[in-house]
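Quick notes on the structure that follows.
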Amino acid sequence: MFTAIWALSSHRSGFFSPAAVYLVLGALASAGLSLLGIDLLDPIGRATLIEHLAEFAVIVTLFGAGLRLDRRLGWAKWRSTILLIAVVMPLTIGAVTLFASAFMGLSLGAAIVLGACLAPTDPVLAREIKVGPPGTGDRTETHFALTSEAGLNDGLAFPFVFLGLYVAGDGGTDWLAEWLAADVVYAIAVGIAIGVVGGRLIGAGADWLRQRGWLRPSYDGWLALAAVLAIYGVTEIAGAYGFLAAFAGGLSFRRYEWDHEAHDRVHGGSDLLEKVSELGLVLLLGSTVTMAGLAIPGLAGWLLVPVLLVLIRPASVLASFAGSPVKMGERLLIGWFGIRGIGSFYYAAVAINAGVLSTGEVELIYWTIIACVGVSILVHGFSARPAMASLPRSGQARRKS
């Protein structure tokens, strides 16, 4: 904890991210426990634990990401986000699927699952590349695009995970209509709708309580936790995508009484939860790392790491942004900072718990994700601050456009 406090206090003046420090601490903990003969947490056998811890960390951060975004909704203003979601993410899933099927020996279903797990960019770890707190503007198009992309693609990867599981478990095409109706149309539409309505109602309800003296401003920071748990819980009961609802809820909450001072306090509570979740999850996942596990992906699995981070992601972004008004320098940064993280482990745990993949495929998927996320945390963490410092700030305080 002392090291975490130092990392959070010092990272703005150094060339590292707190997550990189936590990852190293986790790896050292793994080595120390092994030397003492203490059994490490089995990430495959305890996939349910990892699933729920990652789930909590992601939904809190998604709600916080929605709170941060000041830009008004609209196709033209969110063009970069739409390109990243509608073009870059499917291209990434397709490219990883082809690579995993051709070179890693995974079945088609398992390869799709790996592609879907690695496609989302991470809202938890991307501290340096996110927009600022509510009312501080977008900073730059790069900050806005990366923040909004991470807020949406963590939920929109769900249909592709289920697609891979259907292919692996059922075969044939009898399930296709059900997948399209239930896992694509219904789950996406209902998730967004519940998030929008829930965020608006909670914002209005909190304001109503404050006016009557029944909610003290000093407790506004807890609203982020209460709001996201309520919205996520209702959405999951409805069988829709809670990740999408969490992000939409944050956006909707932010847009109730735009200039209300409570937004800063609610964001402060959300930001604190994000930091604690980041520390806990990265330490935990880092402590599961073993040399035997790192050998499981083999040459092909480790080769996927640079292929994904240096080739697939940047090439997909440059291709999708052809003709976009976004400047080339920002396109390159958006392509480079496709940071992978906690969301990938959540999806991996979901796939493991589904029980349709073989043990060998499950291990290969999980440890390949460990390799990709670990390298991403390090290389993106060390390059984020100097890269983002090179961008001119375009956002203005209380900017709404």
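Readers should treat all values here as calculations from the given coordinates under stated rules, not as data from a laboratory. A quick note: this is a predicted structure, and the numbers were derived from the prediction, not measured. A quick note on method: Cβ atoms are made from the backbone with ideal geometry, for glycine too, and the neighbour counts reach across all protein chains shown.
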Determine the sum of side-chain charges near Ala47: Lys and Arg each +1, Asp and Glu each -1, restricted to other residues whose C-beta is under 14 angstrom from that of Ala47. -4
Rounded Å value of the spacing that divides the Cα centres of the range 279-301 and the range 99-140: 18
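Averaged over every viewing direction, what's the projected area of the C-alpha convex hull for the range 20-389? Give it in nm², one decimal, please.
18.3
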Using the Karplus curve 6.51 cos²θ - 1.76 cosθ + 1.60 with θ = phi - 60°, work out ³J(HN,Hα) for each residue of the range 35-41 in order, rounded to whole Hz, and write x for Gly and Pro. 5, 7, x, 8, 5, 7, 4
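Could you size up the charge dipole of the chain around its Cα centre, putting +1 on the beta carbon of Lys and Arg and -1 on that of Asp and Glu, and report it in debye to the nearest 20?
Details: 27 positive and 28 negative charges, 334 e Å.
Result for the chain is approximately 1600 debye, rounded to the nearest 20.
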Can you work out ³J(HN,Hα) from phi for every residue in the range 322-337, in order, using Karplus 6.51 cos²θ - 1.76 cosθ + 1.60 and θ = phi - 60°, giving whole Hz and x for Gly and Pro? 4, x, 7, x, 5, 5, 4, x, 6, 4, 5, 5, 4, x, 6, 8
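Kindly provide the helix-only [θ] at 222 nm of the chain, computed as the sum of -39,500 (n - 2.57) over DSSP H runs of four or more divided by all residues, to the nearest 500 deg cm²/dmol?
Working: 18 runs with 261 residues, N = 401.
Value at 222 nm, helices only: -21000 deg cm²/dmol.
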Given the candidates Leu180, Ala227, Leu67, the one whose Cα lies deepest towards the positive end of the charge dipole of the chain, counting +1 at each Lys or Arg C-beta and -1 at each Asp or Glu C-beta, is Leu67
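Pairs of lysines 8 or more apart, or on different chains, with alpha carbons under 19 Å: count those in the chain, would you? Don't skip to the answer; put the middle values down first.
On the way: Lys77/Lys130; Lys77/Lys327; Lys77/Lys400; Lys130/Lys275; Lys130/Lys327; Lys130/Lys400.
Lysine pairs, 8 or more places apart or on different chains, close enough: 6.
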